[in-house]
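One structure is given below, encoded as structure tokens.
The values are calculated or read from the model by the stated rules, or taken from the named source; none is laboratory data. As the structure is a computational prediction, the values presented were derived from the model and not from experiment. A quick note on method: Cβ atoms are made from the backbone with ideal geometry, for glycine too, and the neighbour counts reach across all protein chains shown.
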């Protein structure tokens, strides 16, 4: 199942990790473990943030994606299921439209 992991990172402890020269190794460790299909770092509500595209086989994998961000960076994480156009085409929208007229 493809999901979007939206990550909002507060200034602390990130600023301290940057000052201490430890943030690079931590980010590498987190990203190596989560193996995102893609990840984009960006600003979110005036703070650091990222959006990762991840693929999981079972919902029990969700804590392993989010906990490093929670525990090491005090980040807020939101997960959303994401579909490719092919997934949407398999959803049967026309039949649902007929059913729920």
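Below, the figures for the structure above:
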quantity: Contacts under 9 angstrom Cβ, first residue in segment 55-80 being at positive phi, partner at pLDDT 95 or above and surrounded by fewer than 16 Cβ atoms within 10 Å (Cβ to Cβ), 6 or more apart; calculated: 74/10; 74/12
quantity: Qualifying residue in segment 85-93 (condition: free of Cβ contacts under 8 Å to residues at least 24 places away in the same chain and over 17 Å from residue 1 (Cα atoms)); calculated: yes
quantity: Segment 57-71, residues that are touching a helix residue (DSSP H, G or I) at 6+ places or on another chain (Cβ under 8 Å) and either part of a strand (DSSP E or B) or surrounded by fewer than 16 Cβ atoms within 10 Å (Cβ to Cβ) (or both); calculated: 64
